[in-house]
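Derivation of every value follows stated rules applied to the coordinates shown; laboratory data play no part. Quick caveat, the model's predicted, so the values are computed rather than measured. Cβ sites come from the backbone with ideal geometry, for glycine too, and all protein chains shown count toward neighbours.
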Amino acid sequence: AMYGHPLRLRIGRQEMKLGKGWLVDDITTAIFGRSFDMARLTYSLDAAVIDAWYGKLAENGAIEEDGDIDFYGVHGMYSGFEALSISAYWMLIRDARSINDTNFTAPIEWLEGAFGLDDYDPSYMHTIGLRAFGKSGAVDYDLELAYQFGDADHVGALFSAFGTYGAADADFDAWAGDLEVGYAFDTRFAPRVYIGGAYFQ
């Protein structure tokens with residue numbers, strides 16, 4: 001506890017898994033883990049946990065004026081209902097790596113800037129989501145919905161072809177969902193059958 005409150009602060013390289021790990025997980029494969037360089041503050045109560053963090057996914061400040069990829073977020077979970085737990089979150093990835101379609105001499109670069117070409121601002125990908133999960137008797141369920149939005153300049157840069165310029169005004173705008181429902185038989189080994197599916201726009 002910090003200062004008499006149920007707070008915990010962790011600074012440095014650490015693992016993080018949000019919920020079931022659908023969007024943020026601490027593994028990449030069955031044998032390889034993933035860690036993040038971040039500052040993470042956790043507030044814990046009997047039925048609720050709230051996490052807030054700031055982290056670095058890539059740091060290139062020594063090469064570029066900024067050039068970093070930053071990761072922010074807030075995640076809260078409440079488990080005070082019978083057979084129902086709820087979590088909600090907001091995450092932001094800010095990608096400020098420099099992107100250039102061309103590297104001409106100064107006069108041409110100035111003209112590109114005047115016409116708004118070859119000018120990609122940092123990308124800001126917001127993700128908001130809601131998850132409901134729980135178990136009632138032999139039946140368990142897990143439903144998660146997420147929506148991503150924001151400025152996708154770094155993705156728009158990929159739209160260039162044959163020397164053309166990319167789309168500097170591309171946007172993130174997509175939904176995704178994940179659902180699983182299971183049933184555990186009341187036998188010696190308690191086998192469980194389940195059905196699930198995922199949707200990505």
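Just a few scattered comments:
- Separation of region 8-49 and region 125-201, taken as the distance between their Cα centroids, equals 18 angstrom.
- Burial ranking of peptide ranges 149-158, 82-91 (average Cβ count within 10 Å, highest at the top): 149-158, 82-91
- Potential extension, Leu57-Asp121 segment - 0.36 nm per residue separation minus Cα distance: 21.2 nm
- Here the gap between Ala83 and Leu130, fully extended at 0.36 nm per residue and compared with their Cα-Cα distance, gives a gain of 15.3 nm.
- In this simple spin-label model, placing a label point 7 Å from the Cα along the Cα-to-Cβ direction at both Val49 and Glu15 gives a separation of 1.3 nm.
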